[in-house]
Structure formats: C-alpha cells, structure tokens
1. With within 25 Å of residue 236 (Cβ to Cβ), at pLDDT 95 or above and not in a helix (DSSP H, G or I) as the only criterion, which of 100, 89 stands out?
2. Any idea which of (1) surrounded by 16 or more Cβ atoms within 10 Å (Cβ to Cβ); (2) touching a helix residue (DSSP H, G or I) at 6+ places or on another chain (Cβ under 6 Å); (3) not in a helix (DSSP H, G or I) is the one residue 25 doesn't satisfy?
3. I'm checking my understanding of the structure. Among residues of segment 302-320 that are within 21 Å of the chain's Cα centre (by Cα) and part of a helix (DSSP H, G or I), which one is surrounded by the most Cβ atoms within 10 Å (Cβ to Cβ)?
4. Would you kindly identify the strands (runs of 3 or more DSSP E) lying entirely within segment 127-234 that contain at least 2 residues that are touching a residue at least 60 places away in the same chain (Cβ under 8 Å), within 24 Å of the chain's Cα centre (by Cα) and within 23 Å of residue 114 (Cβ to Cβ)?
5. In segment 255-301, which residue that is free of Cβ contacts under 8 Å to residues at least 60 places away in the same chain and in a helix (DSSP H, G or I) is farthest from residue 50 (Cα to Cα)?
C-alpha cells in the first residue's frame, strides 16, 4: 500500500518547511508545489494542505482522491467553498494555531494607536525630540479604559485573557453569546453591537469576513464611536469601510486606528490611509510568528491523521459541515 500523499502549497521559506518536515507524521509523503502546479499535483493527492486561496471547480473535481483540504490559516474567505462542496471535499482551518500570535499583535496595534506610536516615531526621525509640536498629542492608557471585542472566538478570547490583568473593562459582541460561566472566566460582559461601539475606548475586530459582515465598521458605526476611541482590525480588510475610516481619522472624529489587514491586499500605492499619522499599519503578518509555525503544522497533520484513521476531521468550516455529518 502506497504512502498517503500530502500536497502542500504554496512554496514557503526553507526554514519554515524544515519545521513541517520535523512534525510530519511517519508513513506520509509530503510534496511542496507552487500554486500554479497545485491543480496537476492535486490529481494524485490524498490531502491538500497550506495557504490555498483559490482552486477552480474543475481542479477540485479532478482531485478525486483528496479527502481533506487542510488550511494553515484561520481565514478562508478567498476559497471557493461551492467548488469544494461540489467535489465533496471538506475544508478545515488551523484550529486556533495562530490565536496567540494575532491576539498579541492586536494588543500591539491598540497600544500603538493609543500612544501615537507612528507620529512619535516620525517626529524622532525628523529631529523633533520632545519638541513643542508634541503638545497636541494626547497619549492614552489601556488602564481604566473600556475595550470592546467584536467576535469572541479563539482569537478574541486570547485578547480577553491577555487584557484581563490590565485593569480595563472588557466587553464583547458576538452573534453567538458565550455561556455565563465562560463570560465570567474571561472577565467579559456582553453588549449589543451599537452599545459596544458607542461606549468603548477601543474596538478590536475579530470576526470572519462574510457577505453579512462586509463593512461591519462603516460610516454609521464610526459615527457612533467616542472621539477618543481607536479601532483595530487583525481579521480581514473587508470588515472596515476604509473610505469611511479615512474620513473619521482625518476629521478627528475618532482618535486612531491600527490595521494588519487592508482591502484590497496588497493595497494600492495611493491608498489615502497612507497619508495619515494617526494610524498604524502592518502587512497582514499578525499570525505567522516563529512559535506559531509548529502549532500550525502540528494541528494540520493531526487533523489529517484523524481522517486517515477513518475519523471525522476537526475545524471544518461551518459552511461545509454537512460534508462530515
């Protein structure tokens, strides 16, 4: 009997792929291909794995031996779920392997926005050391503030756990409210969406992008926010209406923002957000920390092993739950 074949795409840096090989369970073949070569390789694969954004319905239909598509990301908004459904191939995400990394990154962006990091850094580089121009800058603390978490899944809960000792009030909105005992353990209080965005000092976004959540933070939501509020997004760029955010930041209707994600990605060179000093930007790199890579590969390989043993996979995206019963 031949070894089950895992086809991984796209090609990553050698040091990252070395981690994959260190965690590869015995008895599996592991082949790394480019996204261009993936459709052909998938025809001879038992499992697909990696950061697979798009595959055509024809390519998935031809991958007749594939039992699972195991993503190493938590996001799957770029994947053609209808094509996977037609091919009867379940798609799984990474089981929260990057939750700690993204939570830490979100807190970094919160602090950067509250403390005017980008503007102060620019001043120092321009030779303005504690100059009078700093008089208009008003740094804030997380201490005694109210932090609103939009989406209390794995990442949102990691944010709450880390901020629980910062002496801030933590509130959240999620369409699926947590049990009271879990809310108590995390130290969070549920609020309806409008009440959360209108009463908090920080709004941190941790919801998946769907057609229903597109521009969740829009002109209306931004208009409800306090003048000293900051908004942070480490989820997906389409969750925020960037034009409305630009207007709110430029006009001083909110204090600041921190974004690890933009819409589109990569951003256009003339994105107006680049003109602003009261926003911190990073290039969608919150998740891939050096410590998160072993967790990603461990989770992904464990899920593949489950399927190979005849068990149901974990972490299948909800839209395809019917494929695994």
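1. Numbers: 100 fails: not in a helix (DSSP H, G or I).
After ruling out the rest, the residue left standing is 89.
2. Just one mismatch for residue 25, condition (1).
3. Restricting to residues being within 21 Å of the chain's Cα centre (by Cα) and part of a helix (DSSP H, G or I), the top hit is 303.
4. Filter on segment 127-234 gives 202-205, 230-233.
5. Residue satisfying both the conditions and the ranking: 275.
The rows are residues; the columns are (1) outside the structural domain of residue 207 (by TED's automatic domain parsing); (2) free of Cβ contacts under 8 Å to residues at least 40 places away in the same chain; (3) closer than 22 Å to residue 311 by Cβ.
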{"residue": "25", "(1), (2), (3)": "yes, no, yes"}
{"residue": "30", "(1), (2), (3)": "yes, yes, yes"}
{"residue": "39", "(1), (2), (3)": "yes, yes, no"}
{"residue": "45", "(1), (2), (3)": "yes, no, yes"}
{"residue": "56", "(1), (2), (3)": "yes, yes, no"}
{"residue": "59", "(1), (2), (3)": "yes, yes, no"}
{"residue": "67", "(1), (2), (3)": "yes, no, yes"}
{"residue": "73", "(1), (2), (3)": "yes, no, no"}
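The values are calculated or read from the model by the stated rules, or taken from the named source; none is laboratory data. Keep in mind it's a predicted model, so treat the numbers as computed, not measured. Here Cβ is always computed from backbone atoms with ideal geometry, including for glycine, and neighbour counts include all displayed protein chains.
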